[in-house]
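A short worksheet on the structure shown next.
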Amino acid sequence: MALGEHMDAMFRGSGVAIVTPFREGNIDWDAFARLIEFQIDNGTDCIVALGTTGESATLTHEEKTAVARFVISEVAGRVPVMVGAGSNSTAVAVESSKEMQDLGADSLLHVTPYYNKATQGGLLAHYTTIADAVEIPIVTYNVPSRTSTNLLPATLAELSEHPRIRGHKEACGDLPQIMELFRLCRGKLAIWSGNDDHVYPMLALGGDGVISVAAHIIPQQMHDMVQLFLEGKTVAARTIQEAANPLIAHLFTEVNPIPVKAALSMMGLCEDELRLPLTPMTQDSRNVLRRAMTQYGLI
């Protein structure tokens, strides 16, 4: 199936995998609204809620529902909203997908089942079952470093035949695998980089942009990098990637989203608060991150 007819619910550009801000253990809705407005005001093309960066693993079901409802309402149709609904239980993923669809999500992000270590046949059945149960686009997400499961290009090529599996976020970090992904799925799926330092290379292979952590603090630059590339201004796009890479590296010196929450707090956008088992950034790493942000002109 060709991708074009479903691109109205997808996006090309930079989507932010938005954090869930906390204050004294609870979701900080005022900070959440500030973050969303900051993103939209600075060119972000899609808000992606309830992903890894949003600490979805430590949110209750009620909190996930509240976050999705809030983000969809606050964005108010200005950009697409993609909502994470993944689970290592297919039945739970189906129920979550139906709920997020009913709340008004434009698309659903589904990480590969974690811990279970499904076979490729199991992944086919998992994603097909979810896609059969909803009416909005499904975006698959491959991040083997977190899930211990690798969604292979040949499997994605089969999944791309489903009318509701329309996009893929790739964070395997394996260049040959990424090239094979594009060979088999270019034009069949919207494909975004899941790694901020790989945006330019994936655009060069035919990608549609990035679902980004760095966009929290450099939203305009991440948007501009993709837009410039799509306009054929590839040298300008490459220059942005090269300039951002040192800062991006410091956003991953500790497990995401620890550093980006520290960075956002330095910018006054939200508290530097996480939920256990995540803990705040160490002071040494924080000092290095602060220097990198100062050098980039952010603080």
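Between 257, 176, 201, which gets the highest mean-square fluctuation from a Gaussian network model of the chain, Cα cutoff 10 Å? Looking only at 257, 176, 201, the biggest GNM fluctuation is shown by 176. Taking label points 7 Å from Cα along the Cα-to-Cβ direction, residue 89 and residue 272 give a separation of 3.7 nm. Separation of region 165-187 from region 89-111 is 23 Å, based on Cα centroids. A cut-off under 15 angstrom between Cβ atoms defines the neighbours of residue 134, and their net charge, with Lys, Arg +1 and Asp, Glu -1, is -3. The length gained by stretching the chain between residue 102 and residue 62 to full extension, at 0.36 nm per residue less their Cα-Cα distance, is 12.9 nm.
Please give the contour-minus-distance gain from residue 288 to residue 152: 0.36 nm per residue of separation, less the Cα-Cα distance, rounded to one decimal in nm. Don't skip to the answer; put the middle values down first.
On the way: separation 136, 0.36 × 136 = 48.96 nm, distance 3.64 nm.
Full extension from residue 288 to residue 152 adds 45.3 nm.
Rounded to whole numbers, the Karplus 3J(HN,Hα) couplings from phi for region 165-171 are 8, 10, x, 8, 9, 10, 9 Hz, using 6.51 cos²θ - 1.76 cosθ + 1.60 with θ = phi - 60°, and x at Gly and Pro. Entry note, region 52-184: relative contact order of 20 percent, from Cα contacts under 8 Å with a spacing of 6+ residues. When the square roots of the Cα gyration tensor eigenvalues are ordered a ≥ b ≥ c, the ratio a/c for region 1-90 is 1.5 or more and a/b does not exceed b/c, which makes its shape oblate.
If you run the Gaussian network model on the chain, springs between alpha carbon atoms under 10 Å, then out of 272, 30, 45 the most flexible one is 30. Fully extending the segment from residue 235 to residue 73, taken as 0.36 nm per residue of separation minus the present Cα-Cα distance, adds 54.5 nm.
With a ≥ b ≥ c the root eigenvalues of the C-alpha gyration tensor of region 249-299, is it rounded (a/c under 1.5), prolate (a/b larger than b/c) or oblate? Oblate, since a/c reaches 1.5 and b/c is not below a/b. Taking a 30 Å limit on the Cα-Cα distance, which of the listed pairs 188/261; 98/233; 117/169; 117/233; 117/188 fall beyond it? Long pairs (Cα-Cα over 30 Å): 188/261; 98/233; 117/233.
Just so you know, all these numbers are worked out from the coordinates, no wet-lab data involved. Because the structure is a prediction, the values reported are computed rather than measured. Ideal geometry is used to build each Cβ from the backbone, glycine not excepted, and the neighbour counts take in all protein chains shown.
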